Structures are given as C-alpha cells and as structure tokens.
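Each remark here refers to the structure printed beneath this line.
The numbers here are math on the coordinates, done by the rules we state, and not lab data. Since this is a predicted model, take the numbers as computed values, not measurements. Neighbour counts run over all protein chains shown; Cβ positions are idealised from the backbone, glycine included.
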Amino acid sequence: MNSEIMKAANWESLDKIPDWLEKINWDEYEKLASIGYTPEKLAMFYKVKKIEFMYYYMLIDSVLEYHYQRGILYYQAREGLAMVDDADTNATQAQRLDKLRDNVAFQKAKDEIVYGGL
C-alpha cells in the first residue's frame, strides 16, 4: 500500500488533536463501550459530529478505538473473573461463564478467519 496513504491514515501523523478529544473522560468512555454503545452513539453522547468522530476513530493507532476496545475487554474480563470465582457454588454463574467462554471463543475464531490470527 502507498506509504503516503498509510502515513495520512495514522494517528501519529496528526498535526492537531481536536479540542473535544481532551474533554473525554476515558473511564466513562470505556464503560459506555462495555455496555454496548456504538462509536456513533458515543459521538452523540460527547456532542461531536459523527463524521468527525468516526474519522478520528478509524485512524490507525486511534486513541478512540483503543479505549473503545479496551473498555469492552476490561469490563468483560472483570465480569468473567467474578464468574470464575462464583462458578463452583452458583449454577447460574457457571452457566453465564460458559456463555461468556463461548462468546470469547467465537470472537477469537472470527478474528483468526478475518485477520489471519493477528
């Protein structure tokens, strides 16, 4: 791929970070992502034009995308850890843990097919 295009699409090559980005509370942002809000909905929540928000979200090494994915992972992992601790004594937690494991395995398989295991 053309190196000029890759450079232009990279977060590190930005000359200026938008003002609204500095106002985002990353803990809150990650929690909202873990609940299931889409990046477009988060743009609305933070009162940013969707097209502008998505431009910065789609850049390579995007801080917005990193915190979005981290929020999903972090809170899913915390929930999973709690389920593991309770699974021995609580049948409902054991069932929820099995469902979570299936979802994680499905996502892993999908990523291997789409991204070649990256």
Computed curve, region 3-68, Cα-only Debye sum without solvent term, log₁₀ I(q)/I(0) at 0.27 Å⁻¹, is -1.29
Which residues qualify? For ASN10, with a placed amide H closer than 5 Å and at least 5 residues away or on another chain, they are ILE60
Straight-line reach check, LYS110, cutoff 23 Å on alpha carbons, 8 or more apart in-chain or any other chain, hits among lysines -> LYS99
Taking Lys and Arg as +1 and Asp and Glu as -1, residues besides ALA87 with C-beta under 11 Å from its C-beta add up to -2
Proxy exposure order for VAL104, VAL48 (fewest C-beta within 10 Å first) is VAL104, VAL48
Each label sits 7 Å from Cα toward the beta-carbon; between LEU81 and ASP61 the label points are separated, in nm, by 2.9 nm
Taking every C-alpha to C-alpha distance in the chain and binning by 10 Å from 0, the per-bin percentages run 12, 32, 30, 19, 6, 1
Diffing region 73-90: the Karplus 3J(HN,Hα) column from phi (6.51, -1.76, 1.60, θ = phi - 60°), in whole Hz with x for Gly and Pro, holds 5, 4, 6, 5, 5, 4, 5, x, 4, 5, 5, 4, 5, 9, 5, 5, 10, 10
Computed, not fitted: 222 nm per-residue ellipticity of the chain from DSSP H runs ≥ 4 (each -39500 (n - 2.57)), nearest 500, equal to -22500 deg cm²/dmol
